[in-house]
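The values are calculated or read from the model by the stated rules, or taken from the named source; none is laboratory data. Just so we're clear, the structure is a prediction, and the values are computed from it rather than from any experiment. We place every Cβ from the backbone using ideal geometry, glycine too, and count neighbours over all the protein chains shown.
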Amino acid sequence: MPEYRRAYTAGGTVFLTLVTYQRQPIFNNPENIARLRNAVAIVRKETPFEINGAVILPDHIHFMWTLPTDDDNYSKRVGRIKVKFTQSLRGTANLPNNVSNSRQKHRESNVWHRRFWEHTIRDELDFENHLNYIHYNPVKHGLVSCPHCWNYSSFKKWVKQDAYPDDWCCACNGNEVKIPDFSSIEEFLGEVL
């Protein structure tokens, strides 16, 4: 099996994908989205980072983060978010009981896929392409017809900052949508999504 090494850049910007265990749609539940947001807030307080973009879908999450100039450890942050979110499920009916021996050995529950996927953002065009991917993702997965219709995304924040028009990739009122080319990102994510 090939040995995979993550790229770490102090102060870098990274695109991340976290997937639930066996694609369980745990974020169909708004209470779980609130738990996730709380876990992220706790981790940001412990180890600060900027969230450039985010989207929460039923069975996976995309983030784009920028780390402090003297810090490159996004892996630690991802791990802490997974732990804090999973801990928040204890005492609810949401935490699975039938955890495999392998997952118990690695101190895991049946909430998250064991790993996550990352891509270091290389330049402004790469940043823009990944941000567009994040914001178009709910449409791509057939959850809504337009990015502005999805409540669990940073799209509206970027519209307020005039980075996107309100009707970006909007199919409302019969508008014809020109879908951005995400082939390079989708090739990278490949089997994940």
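At a glance:
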{"item": "Pairs where the first residue, in region 10-23, is more than 16 Å from Ser75 (Cβ to Cβ) and part of a strand (DSSP E or B) and the second is among the aliphatic types (A, V, I, L, M) and at pLDDT 95 or above, C-beta under 9 Å, 6+ apart", "result": "Thr20/Ile26; Thr20/Ile61"}
{"item": "Residue in region 44-55 that is surrounded by fewer than 16 Cβ atoms within 10 Å (Cβ to Cβ), in a strand (DSSP E or B) and either among the basic types (Lys, Arg) or modelled with pLDDT of 95 or more (or both) present", "result": "yes"}
{"item": "Qualifying residues in region 162-183 (those that are among the small types (Gly, Ala, Ser) and in a loop (DSSP other than H, G, I, E, B)) - the one nearest to Arg35 (Cα to Cα)", "result": "Ala163"}
{"item": "Residue check, Tyr21 modelled with pLDDT under 95 and in contact with an Asp or Glu (Cβ under 7 Å, 6 or more places away or on another chain)", "result": "no"}
{"item": "Odd one out for Ala7 among (1) in a loop (DSSP other than H, G, I, E, B); (2) of a type outside the set (D, E, K, R); (3) under 14 Å from the mean Cα position of the chain (by Cα)", "result": "(3)"}
{"item": "Test for Phe63: is it closer than 19 Å to Arg114 by Cβ, surrounded by 20 or more Cβ atoms within 10 Å (Cβ to Cβ) and out of contact with any helix residue (DSSP H, G or I) (no Cβ under 6 Å at 6 or more places or on another chain)", "result": "yes"}
{"item": "Set Val144, Val139, Val99, Val159: member being at pLDDT 85 or above, hydrophobic (A, V, I, L, M, F, W, C) and assigned to a loop (DSSP other than H, G, I, E, B)", "result": "Val144"}
{"item": "Failed criterion for Asn38 (all others in (1) within 17 Å of the chain's Cα centre (by Cα); (2) more than 21 Å from Ile185 (Cα to Cα); (3) not in a helix (DSSP H, G or I) hold)", "result": "(3)"}
{"item": "For Asp70: the one exception among (1) at pLDDT 95 or above; (2) over 15 Å from the mean Cα position of the chain (by Cα); (3) of a type outside the set (Val, Ile, Thr); (4) in a helix (DSSP H, G or I)", "result": "(4)"}
{"item": "Failed item, numbered, when Glu31 is tested on (1) in a helix (DSSP H, G or I); (2) in contact with a Phe, Trp or Tyr (Cβ under 7 Å, 6 or more places away or on another chain)", "result": "(2)"}
{"item": "Search result, residues across region 66-81 that are in contact with a helix residue (DSSP H, G or I) (Cβ under 8 Å, 6 or more places away or on another chain) and closer than 25 Å to Pro138 by Cα", "result": "Arg77, Ile81"}
{"item": "First in region 26-40 and over 19 Å from Val78 (Cβ atoms), second anywhere and exposed (fewer than 13 other Cβ atoms within 10 Å of the Cβ) and modelled with pLDDT under 95, Cβ under 9 Å, 6 or more apart", "result": "Glu31/Thr92"}
{"item": "Members of region 172-182 found to be surrounded by 15 or more Cβ atoms within 10 Å (Cβ to Cβ) and among the aliphatic types (A, V, I, L, M), listed by number", "result": "Val177"}
